[in-house]
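Presented below is the structure to which this report refers.
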Amino acid sequence: MSWLNFFRAQKREEAQQPPGTAAAAKDRLQVIISHERVSRGRDDFLPKLQQELVQVVARYVAIDPGKVQVNLERGGDFSTLAIDIELPGPKAQAH
Amino acid sequence: MAQVIVVTSGKGGVGKTTSSAAIATGLAQRGKKTVVIDFDVGLRNLDLIMGVERRVVFDIVNVIQGEAKLQQALVKDKRVDGLAILPASQTRDKDALTREGVATIIEELSKDFDYILCDSPAGIEKGALLALYFADQAIVVTNPEVSSVRDSDRILGVLQSKSKRAEEKKEPVKQHLLLTRYDPARVERGEMLKLDDVLEILAIPLLGVIPESESVLKASNSGNPVIMDSDSTAGQAYSDAVGRFLGDDRPHRFLEAPKKPGLFGRLFGGGRAA
């Protein structure tokens, strides 16, 4: 049967190809470049945003500035900004 | 007045120096008096790619600091008439390049040359900013690869905000895309960004597509700009690009992979010939 494989070789090679990654490259580039074009010439506002938010929250609750997480997910249609601030629980406040 | 053209990319290793050497040589072959300046102070390489490394005496920093006359620092090409190279300094640091110094050099070269090509270093630091500052036109060298495309977009932004034309609110720098290391076979397999994708993302006019080619390494090994290898696909693609730059109407070639041999070819054609 081995001689038959000669005819099959090319087909099989093609079938084993992983799905093209070029499409993913294009999608990722379109999203990141459109974001970078918008923010061109502007300073990154996230560090300042985080700082100001912590100041506002700290007016009401004693928080640990190290326990603030800012996560940004850039998307094509919309982006999400998630700010995670750990508030001290009743036990910690009791001390 | 000479036209000042920057060859730039943001990212390193995409083919700026190869393209600068090829295009400068091509312009001179077409009878245009051309000088190509290496702005990569500390990491000079254009001299090697142009094959003139053994004839370099003075460099751009010597000229700026008044230690040599511009005419003394220019290395004239022995193969093509009207082609000269102004090498970068190999030893000094980038602070030796000043905007005033570069302005004086470009002004002086403008009297004798039709085209002044500025081979930019990678990055967006001082050397790269100076290389593009005086540009009338920019050739943005890009590989079909995510980091190169992103950096090209970044450098387009810099051209639009930090060039002399931008600062003086003149007509913007004319931008050209040169897509290099293009491998049509990989594009057809969906493994590589295709030309249309890159054009859609960067949205600037296309000057040329240079196919991935073994002749580029051979050319740099021997110090002959690849455009002189007129048998190679890369050399022909650079000649086309130079022609288009000068206004010729030349269709784009080498965008499709050579056809695979059929059954007959595989049986009797020796399979994968180079």
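Here the extension length gained between B:Asp93 and B:Ala203 equals 36.0 nm, from 0.36 nm per residue of separation less the Cα-Cα distance. Packing, taken as the mean count of other beta carbons within 10 Å per residue, orders the peptides A:52-64, B:2-14, B:75-87 from highest to lowest as B:2-14, B:75-87, A:52-64.
Inter-label distance, B:Asp231 to A:Ala24: 4.1 nm, where each label sits 7 Å from its Cα along the C-beta direction. For the set B:Arg154, B:Arg244, B:Arg54, A:Arg37, solvent exposure ranked by accessible area (probe 1.4 Å, protein chains only) runs largest to smallest as B:Arg54, B:Arg154, A:Arg37, B:Arg244. Taking label positions 7 Å along the Cα-Cβ direction at both A:Ile83 and A:Gln55, the computed distance is 1.2 nm, reported to one decimal.
Per residue of A:20-33, other chain Cβ atoms within 10 Å of the residue Cβ number 6 on average. Within the shell of other residues whose beta carbon sits under 12 angstrom from the beta carbon of B:Gly51, the net charge comes to +1, with Lys and Arg scored +1 and Asp and Glu -1.
Ranking of B:Asp248, B:Asp231 by solvent-accessible surface, largest first: B:Asp231, B:Asp248 (1.4 Å probe, protein heavy atoms only, all chains present). Within the listed set B:Asp112, B:Asp196, B:Asp38, the Gaussian network model of chain B (springs between alpha-carbon atoms below 10 Å) gives the highest mean-square fluctuation for B:Asp196.
Multiplying the residue separation of B:Ser222 and B:Gln72 by 0.36 nm and removing their Cα-Cα distance gives an extension gain of 51.5 nm.
When DSSP beta bridges are limited to those with both residues in the protein assembly as shown, what percentage is antiparallel, rounded to the nearest 5? Numbers along the way, then the final one.
Working: 8 of 36 bridges.
Antiparallel bridges make up about 20 percent of those DSSP assigns within the protein assembly as shown.
May I ask for the net charge around B:Asn221, where only other residues with Cβ less than 14 Å from the Cβ of B:Asn221 are counted and Lys, Arg are +1 while Asp, Glu are -1? Local charge sum for B:Asn221: -2. Sorting B:15-22, A:76-83, B:118-125, B:155-162 by their mean Cβ neighbour count within 10 Å, with the most densely packed peptide first, gives B:15-22, B:118-125, B:155-162, A:76-83. Suppose R0 equals 51 Å. What FRET efficiency, 1/(1 + (r/R0)^6) with r the Cβ-Cβ distance, do A:Lys67 and A:Arg37 give to the nearest 0.05? After rounding to 0.05, the efficiency reads 0.90.
Restricting attention to chain B, close to 5% of DSSP beta bridges with both partner residues there are antiparallel. Simple spin-label estimate for B:Glu188 and B:Glu100 gives 5.9 nm between the two label positions (7 Å along the Cα-to-Cβ direction from each Cα).
Cross-linked pairs B:Lys33/B:Lys111; B:Lys11/B:Lys126; B:Lys16/B:Lys78; A:Lys48/B:Lys162; B:Lys32/B:Lys111: Cα-Cα separations exceed 18 Å for B:Lys16/B:Lys78; A:Lys48/B:Lys162. Assign one of three labels to the protein assembly as shown, namely rounded, prolate or oblate, based on the Cα gyration tensor with a ≥ b ≥ c the square roots of its eigenvalues; rounded applies when a/c is under 1.5, prolate when it is not and a/b is larger than b/c, and oblate otherwise. Oblate.
The values are calculated or read from the model by the stated rules, or taken from the named source; none is laboratory data. What you see is a predicted model, and the numbers here were worked out from it, not measured in a lab. Every residue, glycine among them, receives a Cβ derived from its backbone with ideal geometry; neighbour counts consider all protein chains shown. Note: areas computed on protein heavy atoms with side chains; ligands, DNA, RNA excluded. Shrake-Rupley method; radii C 1.70, N 1.55, O 1.52, S 1.80 Å.
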